[in-house]
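For reference, the structure is listed below as structure tokens.
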Amino acid sequence: MKSMHSKETTVATALKVLLEGFIDYAGVFPPAAVPLDTAISNYKNYRDDKFNWMLRWLVVDGTVLEQIPEDLHGKVSILATCDDRRAASIETKSTIASQHPVYCEIATTDLAHLKSVKKSGCFAKIRTGGLKPEAIPSSADVAAFITACADLRLAFKATAGLHHPLRAEQALTYAADSPRAKMHGFINIMMSAAFAWNGQRDLVPIIEETEASAFRFDDEAAHWSGLSLTVQQIKESREQFFHSVGSCSFEEPVLELQALKWL
């Protein structure tokens, strides 16, 4: 495992509020696809890391719950079609009744279904990437999803292809012959969501931003181009709207944020 303990950098308050508890570690899923015991060990190590403030749940398939140690009960988000007392949240493709938060995955071509998700009391989920270029939704489609959720005041999470901070061309897997494509950045998506929650509707330029210098974070606000959000606005958007990113890696987001000198 690469060291994530580089020279100490003070994290701007606005960035820390934006990224607090934002990663649901999904290492068992592609492209990482590590064995379950490795993912469990990784998650426990990340909980002890100095960047543990960015970590939320461990994501697993509901069929492996019997293999999850008891000390992680209540810390796992499970892909399942029914509730389970050991879960922190449930991730599905249909609305279900649950004592836990439920994230219902909605295709970007079926945004009308978001109304029934809202009515059911569930949250929404968007898939923002995949192992092939055609699996990556367009910026316009992602913007339409975020805008629709903001209009409904419907909270959501995003998953797949969001282990890099900024939009850029990247390899889609860890294989030497991996296909490459423009991948969405988690900073782009999270800032777009925060702006949308606070009334902004022209999201495509934020989602498509590739320059790190266009984003600025200080102790009072987060900025993109000429737009700004206060720390309190960011905090409210994270608590009430954009909950998390499902990522097959915890280390890559940390290391790339460090490379940008944001951590």
Query raised in the report: Within the stretch 211-232, how many residues turn out to be more than 13 Å from Met191 (Cα to Cα) and either touching an Asp or Glu at 6+ places or on another chain (Cβ under 9 Å) or in contact (Cβ under 8 Å) with a residue 60 or more places away in the chain (or both)?
Result: 3
Report summary line: Of the residues in the stretch 130-154, those that are hydroxyl-bearing (Ser, Thr, Tyr) and either in contact (Cβ under 8 Å) with a residue 40 or more places away in the chain or in contact with a strand residue (DSSP E or B) (Cβ under 6 Å, 6 or more places away or on another chain) (or both) come to Ser139, Thr147
Query - Per-region count, the stretch 99-119, residues part of a helix (DSSP H, G or I) and either more than 23 Å from Asp24 (Cα to Cα) or among the acidic types (Asp, Glu) (or both) - result: 6
Query - Matching entry among Leu263, Leu257, Leu172, Leu203 (being under 19 Å from Ala144 (Cβ atoms), of a type outside the set (Gly, Ala, Ser) and buried (at least 17 other Cβ atoms within 10 Å of the Cβ)) - result: Leu203
Query - Leading residue by the ranking (nearest to His223 (Cα to Cα)) among those in the stretch 180-207 that are in contact with a Pro (Cβ under 6 Å, 6 or more places away or on another chain) and not in a helix (DSSP H, G or I) - result: Gly185
Query raised in the report: Any idea which of Val117, Val102 is farther than 23 Å from Asn198 by Cβ and crowded, with 16+ Cβ neighbours inside 10 Å?
Result: Val102
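Restricting to the stretch 120-139, what's the tally of residues that are outside any loop (DSSP other than H, G, I, E, B) and surrounded by fewer than 14 Cβ atoms within 10 Å (Cβ to Cβ)?
Residues that pass the stated criteria total 2.
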Report task. Answer with yes or no whether Leu229 is aliphatic (A, V, I, L, M), surrounded by 15 or more Cβ atoms within 10 Å (Cβ to Cβ) and farther than 27 Å from Val28 by Cα. Result -> yes
Report task. Please determine, by comparing only the residues of the stretch 75-103 that are under 20 Å from the mean Cα position of the chain (by Cα) and of a type in the set (Lys, Arg), which one is modelled with the highest pLDDT. Result -> Lys75
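Could you identify the single residue in Lys157, Lys235 that is crowded, with 16+ Cβ neighbours inside 10 Å, of a type in the set (Lys, Arg), in contact (Cβ under 8 Å) with a residue 12 or more places away in the chain and under 26 Å from Asn42 (Cα atoms)?
Lys157
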Requested in this report: Output the qualifying pairs, or none if there are none: Cβ atoms under 6 angstrom, residues six or more apart or on different chains, first residue in the stretch 104-126 and more than 18 Å from Phe241 (Cβ to Cβ) and at pLDDT 95 or above, second residue surrounded by 19 or more Cβ atoms within 10 Å (Cβ to Cβ) and not basic (Lys, Arg).
Outcome: His113/Ile106
Query raised in the report: Going through the stretch 210-263 one residue at a time, which ones are touching a Ser or Thr at 6+ places or on another chain (Cβ under 8 Å), in a loop (DSSP other than H, G, I, E, B) and more than 21 Å from Lys50 (Cα to Cα)?
Result: Glu220
Query raised in the report: Residues of the stretch 26-68 being touching a Lys or Arg at 6+ places or on another chain (Cβ under 9 Å) and without any contact (Cβ under 8 Å) to a residue 24 or more places away in the chain, which ones?
Result: Arg47, Leu65
Report summary line: Filtering strands (runs of 3 or more DSSP E) wholly in the stretch 48-94 for at least 2 residues that are in contact with a strand residue (DSSP E or B) (Cβ under 6 Å, 6 or more places away or on another chain) and polar (S, T, N, Q) gives 87-92
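The values are calculated or read from the model by the stated rules, or taken from the named source; none is laboratory data. Since we're looking at a predicted model, the values are computed, not measured. Note that each Cβ is placed from the backbone with ideal geometry, even for glycine, and that neighbours are counted across all protein chains shown.
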